[in-house]
Amino acid sequence: MFFRLFGNCPQKRVTCIETAASLLTTLEMLLINLFVIDRCSEKKFSAKITYSTMALSVVVLMFGSYMAVSHLPGYGSGSGLFVFFGFLFALPIKLLYKTSVSKIICLACTSWVYTFLAFSVSIHTSSMVAALPRSYTTFLVQTLIYLVSFPWFYGVLKNKFFPMLSHLSQKETYTLMWMGIVWFWTVFIINLAFIYPAIYIMRILAIASAGVCALNFYRYIYRVINSDRTIQSLQKIAYHDDLTQLRGRALLASDVDQLLAREVPFFLVFMDLNDFKSVNDTFGHVVGDEYLAFFAQEAKKRIGNRGGFYRIAGDEFVALLTAGDTAVFLAEMDTLPTRVGDSGAIFLGVSYGVAAYPADGASLSELLDVADRRMYTMKNAQKGNGSPAEA
């Protein structure tokens with residue numbers, strides 16, 4: 001029945017089959033793109049309504065685009081002019097899915113770059129195979145490329161690209177959208193430059209488009225590097241104490257979580273400087289800062305490679321010991337110098353409490369509570385003995 005529509009002439013049959021192969025090549029590209037958008041977007045309606053509407057759109061737009069493109073000069077040469085009709089699918093996609101237009105275009109351009117690259121490689125590969133008609137080879141090579149590469153491409157898109165896209169600001173989404181459009185245009189123009197090597201304007205456009213892509217790439221890398229530096233600066237502010245150069249409370253929580261996850265035994269030593277308020281009242285806050293920095297550096301020297309040291313509040317510190325004898329460390333803490341630099345201030349000592357994991361608790365809050373109570377027991381004992389241990 002199919003061949004009766006084109007008569008019994010073998011030449012007409014061959015032409016018909018070649019046309020069908022070309023349409024299948026186009027349809028294959030289209031279905032890949034629609035599949036990507038469908039899987040990475042939220043539907044407005046039921047699957048039945050969505051897919052039936054999209055199927056009707058495919059039939060109408062495929063037929064209309066074929067009727068338009070088949071009469072253009074160079075049809076069948078591999079120019080890929082038909083891809084521009086693919087943007088007509090933006091209308092049914094917008095009606096059927098909740099995803100914003102800018103994000104749909106980002107997805108569509110990313111997918112179109114992939115499918116058009118596969119098409120372009122297939123076209124130029126088919127030119128080297130003389131045994132079969134070009135349309136047959138193009139379709140077969142393109143199908144093979146999809147079978148080999150699409151699982152990887154779709155995995156990256158769904159697991160990395162689209163989740164990232166969901167968290168971008170509107171400005172960043174627009175930037176990515178235009179980058180996608182420029183990349184698609186560049187791939188298209190480069191393909192035309194190969195198809196029509198005698199048309200020098202195509203070569204110029206291909207070089208210019210590649211230059212624009214390179215410029216956008218370096219601008220984007222510049223923004224990423226600057227953002228990374230900003231993040232590192234903010235992390236340093238958030239995780240480290242500028243005065244004492246110690247780690248902060250956030251890093252203490254992170255480090256403890258890692259030890260708990262690996263079930264590594266450790267000791268948490270909660271420290272509170274004795275009568276620190278009197279130092280500020282007597283010498284001023286500048287000397288008070290020197291006093292804190294002095295204690296931090298002296299204590300850090302004594303911890304060495306036994307573990308980490310953290311400042312968690314004004315004059316409150318925590319040592320996290322994963323190696324060595326805790327009693328030896330505490331004995332060494334009693335050997336701190338008595339004079340604080342050239343300020344004239346005398347070091348008034350430190351009270352501490354020790355909690356052990358897993359014996360005293362299974363979380364940071366539990367261990368801090370135990371160590372804090374034991375620290376106050378020591379502080380109160382020092383008060384009873386007449387030692388300077390005011391908080």
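Just so you know, all these numbers are worked out from the coordinates, no wet-lab data involved. Keep in mind that what you see is a predicted model, and the values were worked out from it rather than measured. Every residue, glycine as well, gets a Cβ built from its backbone with ideal geometry; the counts of neighbours run over all protein chains shown.
Run through the DSSP bridge list for the range 215-354 and note the antiparallel percent, rounded to the nearest 5.
95
Given the options SER100, ILE221, PHE87, identify the residue whose Cα lies farthest towards the positive end of the charge dipole of the chain (+1 on Cβ of Lys, Arg; -1 on Cβ of Asp, Glu).
PHE87
Could you work out the per residue convex hull volume over the alpha carbons of the range 247-307, in cubic angstrom? Walk me through the numbers on the way to the answer.
Working: hull volume 5.8 nm³, N = 61.
Taking the convex hull of the Cα positions in the range 247-307, it is 95 Å³ per residue.
Ignoring trypsin sites (Lys or Arg not before Pro) that are buried or in helix or strand per DSSP, and keeping those with at most 13 other beta carbon atoms within 10 Å, what is the longest stretch of the chain between them? Can you show the working numbers first?
Details: sites that count: LYS44, LYS98.
Between the exposed loop sites, the longest stretch runs 99-391.
Starting from the Cα gyration tensor of the range 148-235, take the square roots of the eigenvalues, sort them a ≥ b ≥ c, and report rounded, prolate or oblate (rounded when a/c is under 1.5, otherwise prolate if a/b is larger than b/c, else oblate).
Working: a/c = 2.91, a/b = 1.65, b/c = 1.77.
Note, shape of the range 148-235 comes out oblate.
Can you give the angle from 0 to 90° between the axis of helix 10-39 and the longest principal axis of the chain, with both taken from C-alpha atoms, to the nearest 10?
20
Give the Rg (one decimal place) followed by the Dmax (whole number) of the range 221-355, computed from C-alpha coordinates and expressed in Å.
Taking only Cα atoms of the range 221-355, I get Rg and Dmax of 16.8, 53 Å.
Could you give the longest part of the chain that holds none of the chymotrypsin sites (Phe, Trp or Tyr not before Pro) found in DSSP loops with at most 15 neighbouring Cβ atoms within 10 Å?
76-391
Looking at the range 269-320, what % of its DSSP beta bridges pair antiparallel, to the nearest 5? Display every interim value, and only then the final one.
On the way: 8 of 8 bridges.
Approximately 100 percent, going by the DSSP bridge assignments.
Among VAL340, VAL58, VAL328, determine the one that fluctuates most according to a GNM of the chain built with springs between C-alpha atoms less than 10 Å apart.
VAL328
Report for the chain the percent antiparallel among DSSP-assigned beta bridges with both residues inside it, nearest 5.
For the chain, the DSSP antiparallel bridge percentage is about 95.
Can you bin the range 74-152 into rounded, prolate or oblate? Criterion: square roots of the alpha carbon gyration tensor eigenvalues sorted a ≥ b ≥ c, rounded for a/c under 1.5, prolate for a/b above b/c, oblate for the rest.
The shape class here is prolate.
To two decimal places, what compactness ratio does the chain give when its Cα radius of gyration is scaled by 2.2 N^0.38 Å?
1.65
Could you size up the charge dipole of the chain around its Cα centre, putting +1 on the beta carbon of Lys and Arg and -1 on that of Asp and Glu, and report it in debye to the nearest 20?
Working: 33 positive and 28 negative charges, 528 e Å.
Here the chain has a charge dipole of around 2540 debye.
If the limit is 22 Å between Cα atoms, which of LYS48/LYS94; LYS44/LYS171; LYS277/LYS301 go over it?
LYS44/LYS171; LYS277/LYS301
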